[in-house]
Amino acid sequence: QVLSIVRQYAHIENESGLYQQLLEYFAAGEAPRPQQPTLAQVLRREYVHIETGTPDYETAIRGACAPLVRAGVIGSGYADSVLEIMRRYGLYFELQDGILLGHAKPGSRVSSVALTLSLYRTPLDFAPWGKKIRIIFMLATPDNKAHHTLLQDLLRLIQNEESRRRLLACDFADEEELYRYIIARMV
């Protein structure tokens, strides 16, 4: 929310860096939370998909939520909440060009921290915002704190130039190779 306010009044050259510093600032003084799950603990193989089609953005958001609905982590209305946030605030959760972190407000529709990854071989047109998106990470979190470690891991992954280039190139043979690549970067 702070980032969306800053975005209204300032030109941000490195949004992911600002986001990371804001996380660190607001976490200062708090005791470490070792119980917070990491990206490697949360990202399951069945939550990783390489997509060959080019659905519209609403279908893509629903598709990114689908594995979590099937697993009982989120309710079926979660995708609608994500889409409503997009309509209201735009793509404020575009972490870097072509990389989107979809999420809805934490709450009762979420039973645990979870993350999916949908990687598109052809970028999707998010026309209302003039953006092309190739990667959708979908985050679910039951509260405002349980996902901080996971977000730090995710930001570290996509801020790494080689990892970001490889993900955006979508040069993985299949989901298994993609999953192993990401997990290997978290060790």
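The values are calculated or read from the model by the stated rules, or taken from the named source; none is laboratory data. Note that the coordinates shown come from a computational prediction; the quantities given were computed from them, not determined experimentally. Note that we place each Cβ from the backbone using ideal geometry, even for glycine, and neighbour counts take in every protein chain shown. In case anyone asks, the SASA skips ligands and DNA or RNA and just uses the protein heavy atoms, side chains included. Shrake-Rupley method; radii C 1.70, N 1.55, O 1.52, S 1.80 Å.
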Problem - Rh by Kirkwood over Cα pairs, then Stokes-Einstein D for the stretch 50-119 at 1.002 mPa s and 20 °C, µm²/s - result: 170
Completion exercise
Sorted largest first, the Cα spans of the stretch 97-136 on the principal axes come out in Å as 32, 21, 13
Problem - Normalised contact order of the stretch 61-187, rounded percent, pairs of Cα under 8 Å and 6 or more residues apart - result: 23
Exercise for the section: Report in % the part of the accessible area of the stretch 62-187 that belongs to carbon and sulfur, leaving out ligands and nucleic acids; probe 1.4 Å. Expected result: 47
Completion exercise
With +1 on the Cβ of every Lys and Arg and -1 on the Cβ of every Asp and Glu, the dipole magnitude of the chain about its Cα centre, in debye rounded to the nearest 20, is 260
Completion exercise
The summed charge of the GLY90 Cβ neighbourhood (under 11 Å; Lys/Arg +1, Asp/Glu -1) stands at +3
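Could you do me a favour and compute the accessible area per residue for the chain, 1.4 Å probe, result in Å²?
51
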Practice task
Find me the longest stretch of the chain that has none of the exposed GluC sites (Glu not before Pro), where exposed means in a DSSP loop (not H, G, I, E or B) with at most 11 other Cβ atoms within 10 Å.
Solution key: 31-187
Completion exercise
Connecting every pair of Cα atoms under 10 Å apart in the chain and solving the GNM, the largest mean-square fluctuation among LEU18, LEU100, LEU150 falls on LEU18
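Report the relative contact order of the stretch 105-162, percent, no decimals, based on alpha-carbon pairs under 8 angstrom and at least 6 residues apart.
Working: 61 pairs, mean separation 22.3, N = 58.
Normalised by residue count, the contact order of the stretch 105-162 is 38 percent.
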Handout entry: Distant alpha-carbon pairs in the stretch 46-164 (separation over 16 angstrom), percent
Key = 58
Exercise for the section: Work through the residues other than TYR179 whose Cβ is under 12 Å from its Cβ and net out their charges, Lys, Arg +1 and Asp, Glu -1. Expected result: -1
Practice task
Could you check what % of the DSSP bridge pairs in the stretch 1-146 are antiparallel, to the nearest 5?
Solution key: 55
